[in-house]
Structures are given as C-alpha cells and as structure tokens.
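What follows is a set of notes on a single structure, which appears directly below.
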Amino acid sequence: MILEAVLVMGLLSLILGIGLAIASKKFEVKKDPRIDAVRKVLPGANCGACGLAGCDAFAEAVVAGKVPVDGCIPGQKAIAEKIAKILEKEVEEKVETKKEEPKRKIPFVIKEKCTGCKLCEKACNFEAIKVVDKKAEVSPSNCKKCMACVKACPFKAIS
C-alpha cells in the first residue's frame with residue numbers, strides 16, 4: 001500500500017515537473033539584450049533626473065524609443081554617445097529655439113533652514129554634498145545637477 005502511494009506520487013511529480021519545464025519554455029519572456037548593454041554604460045545613480053524611476057527604467061525606455069539617448073542628465077554627452085553606439089543611432093543635436101528651456105543649476109543651501117540632518121548627503125550618489133558644522137555644503141565640481149538632494153531635504157533648505 002505504501003509502495004503504491006510512493007510510486008503514484010513519484011510519477012505525478014515527474015509528470016508535473018515535465019509540464020512545468022515545457023510551460024516555462026513556451027511562456028518565456030524574451031528580453032532585448034540591448035537593455036542590459038545600455039544599463040551597463042549608465043552611471044547607476046538611480047537619481048531620477050531623467051524623469052524615470054531609475055537607470056533600469058531609463059534603459060528600457062531608451063531601447064523602446066520612448067526617450068532620447070541623451071536623456072541621462074548625470075551621464076551627459078559621453079554616456080549619450082555610448083548609448084547611441086549600442087542602439088546604432090546618432091545623438092540628436094539640440095536646435096536652439098527662441099524659448100530656451102531653463103538649465104539646471106547647482107543646488108543652493110539656505111543655511112538658516114538647514115538642520116544638518118545629512119539626508120541630502122545620503123541622497124547624493126556623487127559625493128557632491130557634505131554636512132560640515134551641521135550645515136550642508138555643495139561641491140560644484142562633483143555636482144551632476146540631478147537634484148536628489150533637493151528632493152531629499154524635508155526642510156526645503158536646498159533649492
């Protein structure tokens with residue numbers, strides 16, 4: 001009796017295992033290999049300066065053609081050229097119009113509002129902001145203008 005139960009369960013497990021293997025191959029979701037290639041050249045800051053949730057979302061969107069290759073603000077032109085090479089596209093030169101888009105500036109710390117909580121320092125992936133003497137200070141040479149520090153400050157001390 002026990003032997004029959006063991007054999008039935010073993011046979012059932014074998015059949016279900018084969019069925020799962022076939023189903024996994026049939027319903028496999030193919031991923032474009034260019035997404036991984038684009039993701040590798042991105043700076044990996046996941047700052048959201050491109051307007052998307054992070055570098056993974058940007059890589060998927062740029063391969064799908066939903067955003068331009070030069071959409072990574074911290075990566076600047078060097079990263080845009082690498083992405084364009086992967087996608088076999090060209091970096092579009094921006095034509096100046098009468099109405100210019102406002103350029104992002106380096107964040108400014110309002111010392112009176114700063115409490116020295118270090119949330120901005122933790123949010124910056126480029127080591128561009130440091131808290132010294134309980135006040136945040138921005139290093140313009142390291143700043144990539146991603147504005148992660150502005151978003152992280154609960155006191156609105158950075159603008």
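No lab work stands behind these numbers, since they all come straight from the coordinates. The model shown is predicted, which means the values in this text are computed figures rather than measured ones. A quick note on method: Cβ atoms are made from the backbone with ideal geometry, for glycine too, and the neighbour counts reach across all protein chains shown.
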- Of the peptides 86-92, 133-139, 118-124, 65-71, how do they stack up when ordered by the mean number of other Cβ atoms within 10 Å, highest first? 118-124, 65-71, 133-139, 86-92
- Query: GluC sites (Glu not before Pro), restricted to segment 2-63: which are DSSP loop and have at most 15 other Cβ atoms within 10 Å?
  - Reply: Glu28
- Message: If neighbour count is taken as other Cβ atoms inside 10 Å, put Met147, Met9 in order from fewest to most.
- Response: Met9, Met147
- Note on the structure: Pairs over 31 Å Cα to Cα, from Lys31/Lys118; Lys25/Lys89; Lys30/Lys122; Lys25/Lys66, come to Lys31/Lys118; Lys25/Lys89; Lys30/Lys122
- Task: With +1 on each Lys and Arg Cβ and -1 on each Asp and Glu Cβ, and nothing else charged, work out how big the dipole of segment 33-87 is about its Cα centre, in Debye to the nearest 20.
- Result: 140 debye
- Using the alpha-carbon centroid of each, what span in Å lies between segment 1-40 and segment 120-153? 48 Å
- Residues Lys151, Lys30, Lys82 in order from fewest to most other beta-carbon atoms within 10 Å are Lys30, Lys151, Lys82
